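Visitor: Before anything else, here's the structure in question.
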Amino acid sequence: MQFCKQLVFGLTFLLYGYYAHACECLPPRGDKWSLQQVRTELERSSYVFIGEVISASRGSYQVRVVELFKGAIKSDTLTGLNEHMTSCGLTVTPGLWIFYAGLNDEGYIMPLDLCSLSGSLTEPGFILIPPPPGVKPDSADQEAYIEEQLRQQLPLYLKNWLNEYALLNAYRNEHFPNTQSSSASTLPAYAALGLSMLALALVLRRQYFS
């Protein structure tokens, strides 16, 4: 497990440097997240949905639409394009994702970028601050420093996502009233959401703290 933490730590610093030197925007999650940003993303995106990425390669991926908030999608499964040639390109990997996206003329999801709210829900990209001088690499102090940052960021991530999900639902209910759940199915829907969020929290905790 120590090796995994070192790997996460190293990759995170690479990502931090990538944002700082190659991409003009900062990660829109964490303390940079806001409801206004969600509203902006909703307005400028043609399609917004939660999807399960069932397979992915260097150039493309397959995603099953789980819950649609904006747009009319004819197929339950879509093909997306992974972009590797630009500094802000976001590589989609298997797992549960939130998509703020557009489709090209062939019906493929256009490449996503790091500046948008699109991202993995099961493997969020936490950004860690480098430890202060004097903390030795591969030491217990470094591991404790990493774990403390993850403990601080995980509750904020879950809180922000619940607020974002509520806003997405409100948007769908206002603009696409025909897709609203019936009163009889509202309670099961919220129960399913609660169970899914609990499962997500448990997965994230096992991933980062086990």
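Visitor: Taking 0.36 nm per residue of sequence separation and subtracting the Cα-Cα distance, how much length would be gained by fully extending the chain between residue 75 and residue 87, in nm to one decimal?
Guide: Values: separation 12, 0.36 × 12 = 4.32 nm, distance 3.08 nm.
Going from the current span to full extension adds 1.2 nm.
Visitor: Something else now. Using the basic label-point model (7 angstrom from Cα toward the beta carbon), what is the residue 113 to residue 143 distance in nanometres?
Guide: 4.0
Visitor: How long is the gain from residue 104 to residue 32 if the chain were fully straight, where each residue apart is worth 0.36 nm and the alpha carbon distance is subtracted?
Guide: Details: separation 72, 0.36 × 72 = 25.92 nm, distance 2.93 nm.
Gain on stretching residue 104 to residue 32: 23.0 nm.
Visitor: On to the next question. Just to verify a number: FRET efficiency for residue 129 and residue 44, C-beta to C-beta distance, R0 = 35 Å, to 0.05?
Guide: Step by step, r from the Cβ atoms, then E = 0.70.
Visitor: Suppose the chain between residue 55 and residue 24 were pulled fully straight at 0.36 nm per residue; how much longer would it get relative to their current alpha carbon spacing?
Guide: 8.2 nm
Throughout, read-outs are computed from the coordinates displayed, never taken from laboratory work. These numbers were taken from a predicted model, which means no experiment stands behind them. Every residue, glycine as well, gets a Cβ built from its backbone with ideal geometry; the counts of neighbours run over all protein chains shown.
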